[in-house]
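Shown next, in C-alpha cells, is the structure this report addresses.
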Amino acid sequence: MIPRDFIDTLLARVDIVDVIDRRVPLKKAGQNYQACCPFHSEKTPSFTVSPTKQFYHCFGCGAHGSAIGFLIEYEHMGFPDAVAALAQDVGLPVPESGEPDRPRPPPALWEALEQAAQFYKKQLKQTPRAIDYLKQRGLTGAIAARYGIGYAPDGSPLKQVFPDYAADALAASGLVIDGDRGRYDRFRDRIMFPIRNSKGQIVGFGGRVLDQGEPKYLNSPETPLFHKGSELYGLFEARAAIKTAGRAIVVEGYMDVVALAQHGVEFAVAALGTATTPIHARTLLRHTDHLIFAFDGDKAGRKAAWRALENTLESLQDGKDVSFLFLPEGEDPDSYIRTHGQAAFLHLLDTDTLPLSAFLVRELSRGRKLDSQEGRAALIKDARPLLEKIAAPLLARLIQRQIAELANLQADEFGLMGGRPGATRRTAPRPQRRPAPSRVRSLARTLLM
C-alpha cells in the first residue's frame, strides 16, 4: 500500500492543469480551464479544471477527481501505475509499502512563509532605498507586485511580525537561524523574491543583497516545503506565457527573470542556486516542446551550459527541441535586454541558439586531434555514456551517426564498440480509453481520492 502522506506530497507537487493539458487541450476560462469532456460526447465545453483546487469536474457527466483519478480514467491505468507515472514526472521515488509514513508539513510552515512575504512587501513600500534600487534596475511597481517582490530590513525585524519568535515553524520554514548567540533572521537587508510551487503557494525565498556583500544571492535552505532541485523561480508566473509563446527560457538569476518580464519576455524561469537538474528539465518539457538555456558566452557560461545538457539528456523526447543561447561576454539576460531591448533579445532567441545536439558534438570535439586514432578513441569513449543517457531514440541515433563520421567509423561500427543510444527508456503503448464513468462511480471515486 502506498503511504497516504506520499500521495498528498505527490498531489502537492504535480500540476493537474499540465497533466490534463498534455492529453486534452485546455483553454483558459477565468480562473479555471475548460475543454470538451473526454469522458462523454459533447459540443459545448462542460469539463473544468481548477489550478487552485487541483481537481477536474465535468458538469455534464459528473466526472470528478484529482490528477491521479484523471490518469486512472483517461489512460485506463491502475492506481499504483497512475501514482508511479506522476511520481516519475516530478522525480519522486515511490516508497515501498513497508516504509514508514513521512510526516506532513504542518500548516504553520505555510502560514509563516505567507506572513513573512506580506511583511517584506510592506517593508519595500516603506523603504525608498530599496525602491530606488529596483528602479535603477528598470523595474516598475507592477512587475514588483506581480512577482511579490519585497524587502527584508537589516537586523531581525521578524521579531515584530511573530509574537512567538521562538516558534519551531520559523526555523523549520527557513526564515530564521539558531546560532551560538541566539536566533536571528536569515534574510537581512535584501531584496526578497518569493518562490512559489505549482499551486502558487510560497515555499521559500531568494534574497539579493542590496549593496555590497556576500553572498550576493541567498536562498532558503532545504525544508519540508522547499527543495531547490525541484523548484524553479518564476514558473508559476510564467505558465500562461510559456504556453502562448510555445517556448521557455532558463536563466541564471531572479533579476534575469523579472527584467525579462519587465520588457515583455514573460516565459523565463531560473534555477535556484543550483545547476539545472533532471527534475527541472522534466518539469519544463511538460510545459513546452521548445526549451532554451541562456548563459554567458565565457568559459564559466559554457561549463554551466554543459551541466545543464548532462542533466537534460534523460528527459529528452523526439519532437522536443532543447537549445542553448550564449550571450556576448560580460552580458546576462538582464543587462542585454535593458541595453538592447525586447526585439533584439527575441531576435537572439530566434537566430542565435545552438541545438543541444550541435552543442554536445562541439564540446566533445573541442581540443581533440581527430586526425589521430587516439583522439578518435577518446571522442568515442566520452560520447558513449552521454549517448546512453539520451531518452530520445531517434535523436540519439542521429547524434551517434554524426560522432561516428567524426571518428571515421560507420554507425554500425560505433554500435559494435558498445554504444547503446536511447536504450535507457521505453514508452509503454497507450491503453484504450475507458468509457465515460457513471455518476455512482464518479461519486465513489471522489470519496476515495
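Computed from the coordinates by the stated procedures, all read-outs in this text should not be read as laboratory data. Since the structure is predicted, the reported quantities are computational estimates derived from the model, not experimental observations. Glycine gets a Cβ as well: all are built from the backbone with ideal geometry, and neighbour counts include every protein chain shown.
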Label-point gap, in nm, between Lys28 and Glu329 - each point 7 angstrom along Cα→Cβ:
4.2 nm
Reachable lysines, given that their alpha-carbon falls under 23 Å from the alpha-carbon of Lys135 and they are not under 8 places away in the same chain
Lys121, Lys122, Lys125, Lys216
Could you run the Karplus curve 6.51 cos²θ - 1.76 cosθ + 1.60 with θ = phi - 60° over the stretch 335-340 and give me ³J(HN,Hα) per residue in whole Hz, x for Gly and Pro?
5, 5, 6, 5, 7, 9
Candidates per GluC sites (Glu not before Pro) in the stretch 195-259, loop by DSSP, up to 13 other Cβ within 10 Å
Glu222
Applying the Karplus parametrisation 6.51 cos²θ - 1.76 cosθ + 1.60 with θ = phi - 60° to the phi angles of the stretch 307-315, what ³J(HN,Hα) value in whole Hz is obtained for each residue in order, glycine and proline being reported as x?
5, 5, 4, 4, 7, 9, 4, 6, 9
How high is the relative contact order of the chain, given as a whole-number percent (alpha carbon pairs under 8 Å, six or more residues apart)?
13 percent
Put +1 on the Cβ of each Lys and Arg and -1 on the Cβ of each Asp and Glu in the stretch 367-416; which of Gln400, Ile390, Leu370 then has its Cα farthest toward the positive end of the dipole?
Ile390
Stretched out fully, how many nm does the piece from Arg366 to Glu413 gain, at 0.36 nm a residue minus the Cα gap?
14.6 nm
Quote to one decimal, in nm, the extra length available between Ala145 and His40 on full extension: 0.36 nm per residue of separation minus the C-alpha distance between them.
33.6 nm
Taking a crude spin-label model, label points 7 Å out from Cα along the C-beta direction, the Leu354 to Asp5 distance in nm is 4.6 nm
How about Lys28: which lysines have a C-alpha closer than 20 Å to its C-alpha, ignoring those fewer than 8 places off in the same chain?
Lys43, Lys53, Lys199, Lys243
Beta bridge orientation in the chain: antiparallel %, DSSP, nearest 5:
70 percent
With a 10 Å radius around each residue's Cβ, average the other Cβ atoms per peptide and rank 344-357, 369-382, 3-16, highest first.
3-16, 344-357, 369-382
Tell me, in nm to one decimal, what length is gained between Glu214 and Lys125 on full extension, where the rule is 0.36 nm per residue of separation less the Cα-Cα distance?
29.6 nm
Residue-averaged 222 nm ellipticity for the chain, from DSSP H runs of 4+ at -39500 (n - 2.57), nearest 500:
-13000 deg cm²/dmol
Dipole of the chain, positive direction: furthest Cα of Tyr336, Ala12, Pro95, with charges on the beta-carbon:
Ala12
